[in-house]
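Reading through the C-alpha cells given below for one structure.
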Amino acid sequence: MRRFLLTIFWISAIGNVFQLLIMVTAAWFILSGSYAFLDLTLEVFVTQVAPWLSWVKTFIVSLFGELGNFILSIPIFVLSPLKFIAGLLIGWWAYSTAKKMPIEAAYA
C-alpha cells in the first residue's frame, strides 16, 4: 500500500510540474498581449497554443457532453490553479499517509 501511495505522490508531483508549465505558458501569452484573460479558454489553449493537446478536447467532450463544452469555455487561469491545488492536496495526502506506514522488507 505504501508503494501505491508513493506512486500517487510522484504522479501528482510530475503532473503538477506540467500544470505549472501550462500556467507559465498561458501567463506569457496573456502578458505578451497575444490573448486576453477571458479569451484564453481551455479550448483555445488546446487547439491553438498547444495543438498536440487537442486530444484533451475530444476526451472532455466525449466524456462529459455538453458539460464538457462548458468546461472548455472556462478561462485557463481559472481551471489551471484549481487543478494545481487539487494535485498538491492529493500528493500531500498520499505522501503523509505513506510516511506513517512501515517500510516493507525488500525480501520477504
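Laboratory data are not the source of any read-out in this text; all were calculated from the coordinates shown. Because the structure is predicted, anything quoted here is derived from the model rather than measured. Every residue, glycine among them, receives a Cβ derived from its backbone with ideal geometry; neighbour counts consider all protein chains shown.
Here are some notes:
- Taking 7 Å steps out from each Cα toward its Cβ at Leu82 and Trp55 produces label points 2.4 nm apart.
- Axis of helix 76-100 versus longest Cα principal axis of the chain: the two differ by about 0°, to the nearest ten degrees.
- Dipole moment magnitude, nearest 20 debye, the chain about Cα centre, only Lys, Arg, Asp, Glu C-beta charged: 500 debye
- Residues Tyr95 and Ile74, FRET efficiency given R0 of 22 Å [Cβ-Cβ distance, rounded to 0.05]: 0.15
- Cα-projected label distance for Thr7 with Leu67, points at 7 Å along beta-carbon direction, nm: 2.7 nm
- DSSP-loop GluC sites (Glu not before Pro) across the range 14-108, with at most 16 other Cβ within 10 angstrom: Glu104
- Degrees between helix 54-64 axis and first principal axis of the chain (Cα, 0 to 90, nearest 10): 80 degrees
- Prolate/oblate/rounded label for the range 1-84 (Cα gyration tensor, a/c 1.5): oblate
- Residues of the range 9-34 falling in the label zone of Gln48, defined by backbone nitrogen less than 19 Å from a point 7 Å along Cα to beta-carbon, are 22-34.
- For the chain, calculated [θ]222 nm from helices alone, where every DSSP H run of n ≥ 4 adds -39500 (n - 2.57): -23000 deg cm²/dmol
- The chymotrypsin sites (Phe, Trp or Tyr not before Pro) of the range 40-108 that DSSP puts in a loop, and whose beta carbon has at most 11 other beta carbons within 10 Å, are Tyr107.
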